[in-house]
Amino acid sequence: LKAVLGARLHGVYLFGALTFPDGGAVTDLDFHVILTDGLTEDEKAGLDRLDAALARDYPPLGAELDGYYLTLAETRGLTPPRHQRAAGIVDNSWALHCAHIRAGRCIVLYGPDPVTIYPQPDWPDLARALAGELAWLAAHLADYPAYGVLNLCRLLYSCATHDVVISKYAAAGWAQAACPAWRPLIAAALSCYAGTATAAERAAVQAGARDFYAHAWPQIAEELKEAP
């Protein structure tokens with residue numbers, strides 16, 4: 001990144017599952033690259049070549065890079081910042097990412113202490129981001145049922161506690177205690193996410209994810225409805 005971006009590179013920060021000791025299987029790499037300014041076309045081409053090299057030389061995670069390139073100016077506020085490599089894309093989970101990173105769930109690869117960059121969100125900011133996560137789940141639950149079940153656990157936990165800094169695995173443990181009737185489904189979803197599920201567990205998650213959504217949605221929506 002330094003070779004491609006030079007002085008335009010301000011910081012590189014990893015977050016997500018790999019920053020939690022109980023984060024479980026890491027299926028992709030979440031990151032932010034903070035830039036002092038927008039990207040030139042030559043820099044975008046250089047980043048495309050870098051992505052291809054990482055995918056080739058470091059499988060499988062080298063091909064599973066889930067990151068945003070953001071300008072420093074836009075990261076100073078809580079409005080979701082624009083992805084500088086993809087027109088029309090913003091980091092809609094920005095408030096959640098800020099909360100995680102400010103809580104120390106972050107690996108600094110390059111740049112200053114992230115607390116000097118990332119703003120502190122309040123509950124309305126977090127609630128709006130959680131509402132966006134819920135809407136995404138509603139549209140994609142059939143495509144990613146295990147992820148959906150585990151993220152519903154995290155949404156239930158966050159709405160119950162107003163704490164968004166928790167891994168999917170830890171939230172699943174909380175939800176198994178809080179929602180005992182759904183314990184087998186959540187356990188099956190954990191197995192699917194870890195890649196150890198039996199055919200029966202996969203079928204159970206596929207069949208039960210929508211029912212769990214119907215159970216969880218009213219509780220989540222009730223807590224989020226007051227968010228401006």
Quiz item: Can you name the number of the only condition in (1) part of a helix (DSSP H, G or I); (2) in contact with a helix residue (DSSP H, G or I) (Cβ under 7 Å, 6 or more places away or on another chain) that Pro124 fails?
Solution: (2)
Practice problem: Return yes or no: is Gly46 of a type in the set (Gly, Ala, Ser) and part of a strand (DSSP E or B)? | Solution: no
Practice problem: Residue by residue through segment 56-109, note down the ones that are part of a helix (DSSP H, G or I), farther than 24 Å from Pro124 by Cα and in contact with a strand residue (DSSP E or B) (Cβ under 9 Å, 6 or more places away or on another chain). | Solution: Leu61, Gly62
Exercise. State whether the residues of segment 152-163 include one that is within 20 Å of Asn92 (Cα to Cα), open to solvent by 40 Å² or more (accessible area, probe 1.4 Å), in contact (Cβ under 8 Å) with a residue 12 or more places away in the chain and outside any helix (DSSP H, G or I).
Key: yes
Practice problem: Out of the residues in segment 32-53 that are of a type outside the set (Val, Ile, Thr), within 28 Å of Val115 (Cβ to Cβ) and open to solvent by 30 Å² or more (accessible area, probe 1.4 Å), state the one that is farthest from the chain's Cα centre (by Cα). | Solution: Asp37
Practice problem: Considering only segment 198-228, state which residues are part of a loop (DSSP other than H, G, I, E, B) and either touching a residue at least 12 places away in the same chain (Cβ under 8 Å) or within 30 Å of Trp123 (Cβ to Cβ) (or both). | Solution: Lys225, Glu226, Ala227, Pro228
Quiz item: So Asp143 fits all but one of (1) in a helix (DSSP H, G or I); (2) under 26 Å from Asp211 (Cα atoms); (3) open to solvent by 30 Å² or more (accessible area, probe 1.4 Å); what number is the exception?
Solution: (1)
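Please work out if Ala209 is touching a Pro at 6+ places or on another chain (Cβ under 6 Å), farther than 17 Å from His100 by Cα and crowded, with 21+ Cβ neighbours inside 10 Å. Write out each step before concluding.
On the way: touching a Pro at 6+ places or on another chain (Cβ under 6 Å): yes; farther than 17 Å from His100 by Cα: yes; crowded, with 21+ Cβ neighbours inside 10 Å: yes.
Yes.
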Exercise. Test Asp37 against the criterion of being closer than 23 Å to Asp163 by Cβ and among the charged types (D, E, K, R), and give yes or no.
Key: no
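Filter segment 74-113 down to residues that are among the polar types (S, T, N, Q) and closer than 17 Å to Arg8 by Cα and give me whichever is least open to solvent (accessible area, probe 1.4 Å). I'd like the intermediate steps shown before the answer.
Kept after step one, since they are among the polar types (S, T, N, Q), are these residues of segment 74-113: 75, 79, 84, 92-93.
Those left that are additionally closer than 17 Å to Arg8 by Cα: 75, 84.
On the way: Thr75: 0, Gln84: 37 Å².
For segment 74-113, the residue satisfying everything is Thr75.
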Self-check item: Matching residues, segment 167-197, being open to solvent by 20 Å² or more (accessible area, probe 1.4 Å) and of a type in the set (Val, Ile, Thr)
Solution: Thr196
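The values are calculated or read from the model by the stated rules, or taken from the named source; none is laboratory data. Given the structure is predicted, the values throughout are model-derived calculations rather than measurements. All Cβ positions, glycine included, derive from the backbone under ideal geometry; neighbour counts span all protein chains shown. Side chains included, ligands, DNA and RNA excluded: accessible areas come from the protein's heavy atoms. Shrake-Rupley method; radii C 1.70, N 1.55, O 1.52, S 1.80 Å.
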